[in-house]
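Readers should treat all values here as calculations from the given coordinates under stated rules, not as data from a laboratory. Worth saying up front: this structure is predicted, and the values here are computed from it rather than measured. With ideal geometry, Cβ positions are generated from the backbone for all residues, glycine too; neighbour counts draw on all protein chains shown.
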């Protein structure tokens, strides 16, 4: 049994890609019993001792259902009766056409939290159109500011739209709605749109712009590589370090450890007109030593410094090792669950499941006996 803060909560996850599974992983990591509904066409013979290599799918059971089969739809609705939440990431209208939209599910279980995640939202001029992370953050105003001066915007992987503004926003929304349903006894629909979430992530920058301390020209501000004291710099060995010496006391430490404390030009920290030249000069200083040499100089100081690590290097860093930031599940190194709790300690509940691996066990939760399950297989409703 899980000991995480969501232990005892059962969530149905309609299988999807990227941000949907990320939300399911977040909820499972916090202790929820998450049941992934896979399309029956994905179910294949499998070796349970060799789980898939899919970190986002960790920690939940899988049932294979044909949701175009009426008996498969009924199986899902019966499972809804025994669950606390459902999460899905289809385009608007798909779940309704399948007969498993909010109306049908809440009719079976009025306390159900029905979590929906899309790129554009459930309504609006764009809501039926296709899109990806880069499009959602572009419309939200989150893409344009990311990049260097005189260069095009840079896509920050798909972290801002899919995962931060999408999957994590949905997990937060579901947790909030579950908390409210305990008080009201009623469920509700959570409409998590990636464009909404990406816009929410930009709240501080709207404040800065309103205050007149943020320029619309990218690469000219303190936090977007415009300043010399908040950027990444190449070292002599071709590796990189990160510097974030914003506050005066941290900036003073940066100048001391780079040998620039006596230079009067560097004393003008916040004079934007001097930033380009100072950036070139401090870049030359950092290029004079290797990354390891700068780590020896700046580790555990108040410079606001860290080496820029690769995906392979990060799990090996002493700080990450000490805090168990990463773990290994079924031979795959991956991030450990976060955040951490002092009493309801969370953990990865298990490796990823093969599609349909737990079909019989999940159907038993919905009240199906052995004969019922055999009939469902005969009709092709389950795999």
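Label positions at residue 261 and residue 68, each projected 7 Å from the Cα along the C-beta direction, are separated by 7.2 nm. Rounded to the nearest 10 degrees, the inclination of helix 168-184 to the longest alpha-carbon principal axis of the chain is 50 degrees.
The C-alpha atoms of the chain define a longest principal axis, and helix 370-379 lies at about 80 degrees to it. In this label model, residue 309 and residue 96 are separated by 4.8 nm, measuring between points 7 Å along each Cα→Cβ vector.
Peptides 243-254, 18-29, 263-274, ordered by how many other C-beta atoms sit within 10 Å of their residues on average, highest first, read 18-29, 243-254, 263-274. Computed from the C-beta positions of residue 146 and residue 370 and an R0 of 45 Å, the FRET efficiency is 0.20 to the nearest 0.05. Quickly estimate the mean residue ellipticity at 222 nm for the chain, helices only: each DSSP H run with n ≥ 4 gives -39500 (n - 2.57), and the total goes over all residues, rounded to 500. Rounded to the nearest 500, it is -9500 deg cm²/dmol. Each eigenvalue of the Cα gyration tensor of region 97-253, multiplied by 5 and square-rooted, gives one semi-axis; in descending order these are 39, 18, 15 Å. Contact order for region 230-321, expressed relative to its length and based on alpha carbon pairs under 8 Å spaced 6+ residues apart, stands at 40 percent.
When the inverse distances between all different Cα atoms of the chain are averaged and flipped, the Kirkwood radius reads 23.6 angstrom. Over the C-alpha atoms of region 1-153, the Rg to Rh ratio, Rh being the Kirkwood estimate, stands at 1.03. The mean of 1/r over all pairs of different alpha-carbon atoms in region 230-321, once inverted, gives a Kirkwood hydrodynamic radius of 13.7 Å.
Test of understanding: express the Cα radius of gyration of region 1-74 as a ratio to 2.2 N^0.38 Å, with N the residue count.
So region 1-74 has a normalised radius of gyration of 1.15.
Shown is the FRET efficiency for residue 284 and residue 208, computed with R0 = 41 Å from the Cβ-Cβ distance and rounded to the nearest 0.05: 0.85. Its Cα gyration tensor gives region 265-371 an equivalent ellipsoid. The semi-axes, each the square root of 5 times an eigenvalue, are 50, 16, 15 Å from largest down. For the chain, the longest principal axis of the Cα atoms and the long axis of helix 248-258 meet at an angle of about 70 degrees. Per residue, the convex hull spanned by the Cα atoms of region 48-134 measures out at 138 cubic angstrom. With the convex hull drawn around the C-alpha atoms of region 148-218, the volume per residue stands at 97 Å³.
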